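Structure first, then comments.
The values are calculated or read from the model by the stated rules, or taken from the named source; none is laboratory data. The structure displayed is predicted, hence computed values, not measured ones. Cβ placement follows ideal geometry from the backbone for every residue including glycine, while neighbour counts extend to all protein chains displayed.
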């Protein structure tokens, strides 16, 4: 029986499919915007994806400006820079284009432009007083699912920690998901963003506050990612694999509003905040060790995960079937070139105590974990992952 009420919300409008980017001009018009700010990073400008989107808007006679200052795992200060660009350009809508970093910056800049103040005012749950400017979110990776979540995550370099903002006002007015935009994604980025999406789905499915409706999305996402991520990494131009990864990431994102993630994400935050480990790498590195810790919380669900990831569980005890879920995740990481040990990232072993203490501050996520995580537990998980 669910432990709390289901409160399910998503973006006002979702457009999904190969070639969906052609719908962008109509989506902008539907918002009544006079001028939009295209929020992206310099890499997408260099490879021509930002230019392709900009040309689409120009051909449709839709005024827009460009902000390309988004960085990986962006600093909080980037939000103010983006908001200034929108304000200086006279923009009344934002179009986030890119990975989760660009989408999160677009979300938070939209909020800052209407609410004033600073990002620090909004950290936590339901701290945003008013809606932001209208926003369209267009992912170019299959990972964060940020296009359909009410969450933005930013790096606080002073505290060496990532911080989250959760608010219904962060949902997109239009989420536009075109798998064709992911066709040129390099194998390494495909790998760690795909593992990020898998972590979302597994942590939602095994969550302390799991919901039967959300379980349907989560388990389907696990199956889609487990079946298609290897192919997407090995042969990135496969449209079927890219479509299925986009769908899996989207379904994982739909889990985050009503349920959210848990200990793997909480323990990953210090790796990103202090050592600049990409979010997806940090999550996938810690995921199998957190899964092993959580195994006893619900053997049946972990057995289902093992089956969704392709393991044959017939004839096994429930405990043995559940343990295969951990094996499946480690094998997937090995196959796509994702490391599963912190020492491979040159993280010093003597940092474990400090990271454990930092992770324990992420109560927003630790409270969702199906098994209580204490400081000694966090230290042990980090040591096992070392």
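Can you name the residue in the range 298-321 that is under 24 Å from the mean Cα position of the chain (by Cα) and touching a residue at least 60 places away in the same chain (Cβ under 8 Å) and is also surrounded by the fewest Cβ atoms within 10 Å (Cβ to Cβ) among such residues?
Among them, the one singled out is 310.
Would you point out the residue of the range 67-77, among those that are more than 13 Å from residue 273 (Cβ to Cβ) and crowded, with 18+ Cβ neighbours inside 10 Å, that is nearest to the chain's Cα centre (by Cα)?
70
Would you confirm whether any residue within the range 150-159 is more than 20 Å from residue 38 (Cβ to Cβ), touching a helix residue (DSSP H, G or I) at 6+ places or on another chain (Cβ under 7 Å), modelled with pLDDT of 95 or more and in a loop (DSSP other than H, G, I, E, B)?
Among the residues of the range 150-159, at least one is more than 20 Å from residue 38 (Cβ to Cβ), touching a helix residue (DSSP H, G or I) at 6+ places or on another chain (Cβ under 7 Å), modelled with pLDDT of 95 or more and in a loop (DSSP other than H, G, I, E, B), which makes the answer yes.
Give me the residue from the range 98-108 that is within 18 Å of residue 54 (Cβ to Cβ) and in contact with a helix residue (DSSP H, G or I) (Cβ under 6 Å, 6 or more places away or on another chain) and, out of that set, surrounded by the fewest Cβ atoms within 10 Å (Cβ to Cβ).
Top of the filtered list is 98.
Hey, does the range 249-258 have a residue that's under 16 Å from the mean Cα position of the chain (by Cα) and more than 17 Å from residue 146 (Cβ to Cβ)?
Scanning the range 249-258, I find no residue that is under 16 Å from the mean Cα position of the chain (by Cα) and more than 17 Å from residue 146 (Cβ to Cβ), so the answer is no.
Applying the selection to the range 119-144, what residues are farther than 14 Å from residue 166 by Cα and either free of Cβ contacts under 8 Å to residues at least 40 places away in the same chain or crowded, with 24+ Cβ neighbours inside 10 Å (or both)?
135, 136, 137, 138, 139, 140, 141, 142, 143, 144
It is to be established whether one or more residues within the range 224-233 are surrounded by fewer than 22 Cβ atoms within 10 Å (Cβ to Cβ), under 20 Å from the mean Cα position of the chain (by Cα) and farther than 30 Å from residue 180 by Cα.
no
Quick check on my filter: what residues within the range 160-185 are touching a strand residue (DSSP E or B) at 6+ places or on another chain (Cβ under 9 Å) and either assigned to a helix (DSSP H, G or I) or free of Cβ contacts under 8 Å to residues at least 12 places away in the same chain (or both)?
Within the range 160-185, 170, 179, 181, 182 qualify.
From the list 376, 327, which residue is closer than 21 Å to residue 233 by Cα and in a helix (DSSP H, G or I)?
That would be 327, the only listed residue that is closer than 21 Å to residue 233 by Cα and in a helix (DSSP H, G or I).
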